[in-house]
Structures are given as structure tokens and as C-alpha cells.
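Input: a single structure, listed below in C-alpha cells.
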Amino acid sequence: MQKNPKNKSEPTLIEAAQEPGLVIETKDLWRIYAVKNAKQEGIAALRGVNLRVRQGKFVALKGRSGSGKTTLLNCLAGLDQPTSGSIQVLGHDLIQMSEQELTSWRREQIGLVFQSFGLLPTLSAYENVELLLRIKGEEYDTRHKRALECLEMVGLSNWRNHRPYEMSGGQQQRVAVARALANRAQLILADEPTGELDSKTTHELLNFFQRLVKDEKITFLMVSHDPLVDQYADEVIFLKDGNLVETASASDCEP
């Protein structure tokens, strides 16, 4: 998809008009993947998605494999470009931003958490968190203090010198969350963060996510297949064949 041309006098990040308290808004969002056979139509992963997520909410995005969950998450993170429609996240029009601007925006304003943790195996928990701030260009004292704060926030101060292979899956995922929080992100996007964990550890991590949203006033949007998520999320959004088909509150999901 072609980006709109920019004037050199424009700011690095393009602000978009957005309703106060609204963190994410998509309108008629389509993502169609081209196929090699020119005679075949493209594959529509997203089909006109209209999504609104408000500040300070724990939102779960659910649906079967192939429903478009990860594609939508990637579009919200600026990792994938939609075919048409609009995306506003934290007051920014992502479609109008260049790759360089999107990279800067992700580094400065959002946190990403993945199922596979994404930790560097040769670095300690502290070093994995501190590295993000080093890349950002923070001074040593600032990044040292913030890395320790984030590890304390996720309950891993005593594990700061341990490497990933010395920690449990749940602890590794907490390090990944600490890293996502290091830039003081107001929005965390997570793709199946409990997918490799047992049910006990999943409960512990989801409870932690719930408290994190409440205590830190951040917005947490996670893709998940896990039915346990329904007990913790404020909202559960369902996708089917690239369409938003249903949104349920936490009370609606209770057994």
C-alpha cells in the first residue's frame, strides 16, 4: 500500500484527531494478501473491521486459527499495512506514517509481547530489559533505574541476574512484559503470551496482566485461544473470517 507523500516540515509522528480516552480505533479495515496465481483473487485476512478500544482496558481478541487475529494485531502495531481503511492508535494515523516513523513510534510508545518470549538467551533478565532502553538512547543512570523498576513491577527483582534458561516459562514471559513496559508504554499488544504455559502459570500471568492494567492504567490487548482469558479480560472481542462478529464484557463470559 502506498504511503501518502510527506512534506519535510511535517512532524516526525503525525497526530490524528481521536476521541479522548480512545486508544485504538479502526474503520472499515481490510487486509488482502495477493496470491501468485494472477487468475485468483487475493486472500482477505481482514474484512472491514471496525474496532474501538478505550484506555485502561484489558481486552482479549479471540477466534479460530485463520480468523485474522494476528493480522489485526500486526496492523495495530504498524508491522503490516492494511489494503484499505484507517487505523488510529494513541492519537496517530498509522497509515500516514513511514517505516522509519513507525519504528520510532513502536520504540517510544507501545510494548510488544510474543508467545515465544523473544528474549536474548545470553543476556540476563536485567540486560534484556535494559537493552531496549540502550537502543532508545537513554543515559546509563536512566536506563539502569528504569530496568530495575520494571523488573520490580513484574516481581522479578531477585531474578535480575538470571538468564532465560534459568527461569520458568512464566518468569520469562514476565521479563518480556518488563521489557515491553520499559519505554513507559501506555499500550501493550500481546500475541498468544500464554500459549506455551501450563494452566497454573497461565492463571498467574493473567492475574498479573489484570493487576498491571488496573495499577498502571495501561491498555492491554492480547490475542489468545485460551478460554481462561475470559475470566480476566474486561472485554472479549471475537473475530470470524476476518470480521468482528461479537464483543462481550467480562460478566457476559462468566460461567
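Just one of the numbered conditions (1) closer than 29 Å to Glu196 by Cβ; (2) part of a helix (DSSP H, G or I); (3) of a type in the set (Val, Ile, Thr) is not true of Thr122; which one?
(2)
Check off (1) under 27 Å from Val236 (Cα atoms); (2) at pLDDT below 90; (3) outside any loop (DSSP other than H, G, I, E, B) for Gln171 and give me the number that stays unchecked.
Exception for Gln171: condition (2).
Determine whether segment 155-165 contains at least one residue that is closer than 15 Å to Phe114 by Cβ, over 19 Å from the mean Cα position of the chain (by Cα) and in a helix (DSSP H, G or I).
Within segment 155-165 (the criterion being closer than 15 Å to Phe114 by Cβ, over 19 Å from the mean Cα position of the chain (by Cα) and in a helix (DSSP H, G or I)), the answer is yes, since at least one residue qualifies.
When segment 49-108 is examined, which residues are found to be surrounded by 20 or more Cβ atoms within 10 Å (Cβ to Cβ), charged (D, E, K, R) and in contact with a helix residue (DSSP H, G or I) (Cβ under 8 Å, 6 or more places away or on another chain)?
Selection gives Lys62 alone.
Can you name the residue in segment 202-236 that is polar (S, T, N, Q) and part of a helix (DSSP H, G or I) and, of all such residues, is surrounded by the fewest Cβ atoms within 10 Å (Cβ to Cβ)?
Narrowing segment 202-236 to residues polar (S, T, N, Q): 202, 207, 210, 219, 224, 231.
Checking the rest, the ones that are also part of a helix (DSSP H, G or I) come to 202, 207, 210, 231.
Values: Thr202: 22, Asn207: 12, Gln210: 17, Gln231: 14.
Among those residues, the one meeting the criterion is Asn207.
Here's the yes/no breakdown for (1) assigned to a loop (DSSP other than H, G, I, E, B); (2) farther than 24 Å from Leu131 by Cα; (3) hydrophobic (A, V, I, L, M, F, W, C):
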site	(1), (2), (3)
Val175	no, no, yes
Ile188	no, no, yes
Pro193	yes, no, no
Thr247	no, yes, no
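Search segment 140-154 for residues that are modelled with pLDDT under 95 and outside any helix (DSSP H, G or I) and pair each with any residue that is acidic (Asp, Glu) and surrounded by 14 or more Cβ atoms within 10 Å (Cβ to Cβ) when their beta-carbon atoms are under 9 Å apart and the residues are at least 6 apart or on different chains.
Listed by first residue and then by second, the contacts come to nothing, as the list is empty.
Which of the numbered conditions does Leu212 fail, given that it passes all the others? Conditions: (1) at negative phi; (2) modelled with pLDDT of 90 or more.
Result: Leu212 fails condition (2) only.
Could you list, ordered by first residue, the pairs with Cβ atoms under 7 Å in which the first is in segment 219-235 and among the aliphatic types (A, V, I, L, M) and the second is part of a loop (DSSP other than H, G, I, E, B), at least 6 apart or interchain?
Note: pairs meeting the criteria are Met222/Pro193; Val223/Glu192.
The values are calculated or read from the model by the stated rules, or taken from the named source; none is laboratory data. As the structure is a computational prediction, the values presented were derived from the model and not from experiment. Note that we place each Cβ from the backbone using ideal geometry, even for glycine, and neighbour counts take in every protein chain shown.
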